[in-house]
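Here the structure is laid out as structure tokens; the discussion comes afterwards.
What follows is calculated from the coordinates using simple rules that are stated; it is not laboratory data. Everything numeric in this text was worked out from a predicted model, so none of it was measured. Quick reminder, even Gly has a Cβ in these numbers, built from the backbone with ideal geometry, and neighbours come from all protein chains shown.
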């Protein structure tokens, strides 16, 4: 716990008052009081942290007030947290503040506190890092390389059924015309062969008759 004497006018920082230690205050740089009626050793303060009070003892001639109590030289009074100390002639007001000291921790809590765990760095495996291509699929060039050779020269099949039907009909007509041409060619060859055979037979018969 800590105890401070605070200036109501805010002239200076709070003055610490240790527990059980006599502190003498008055005119000077610590209180910023320049009033000549205030002695350099105006009051003596003694804090009691257990009872949360300060004993104020007047040392100088001019009176000091603690709350409604006016002190004379050599007199003392207990100052509580809700009271105001007027350093001299009802001037230079001060209040008292007790604060809990939370800066120190018990020894047991320090021993029982586990050390903070430091996160381990990520372990890098041997597999390569994934790229954008891995997430969105291989590129068009790689997909073309992976196609079978038979598919490279294959023509894309149209999704239009009418186009497919016309293409199949054209293919059938072409095959029929090819068959007709082949048959007519064979017939022509047979006719030519038969004509040659008849010519040869006639010539042989004429030769035999002449003999």
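Tabulated data
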item	result
Residue ID - farthest from the chain's Cα centre (by Cα), chosen from residues in the stretch 61-76 that are in a strand (DSSP E or B) and more than 15 Å from residue 25 (Cβ to Cβ)	70
Residues within the stretch 7-43 that are crowded, with 16+ Cβ neighbours inside 10 Å, under 51 Å from the mean Cα position of the chain (by Cα) and assigned to a strand (DSSP E or B), tallied	2
Condition met for residue 46 (assigned to a strand (DSSP E or B) and more than 19 Å from residue 8 (Cα to Cα))	yes
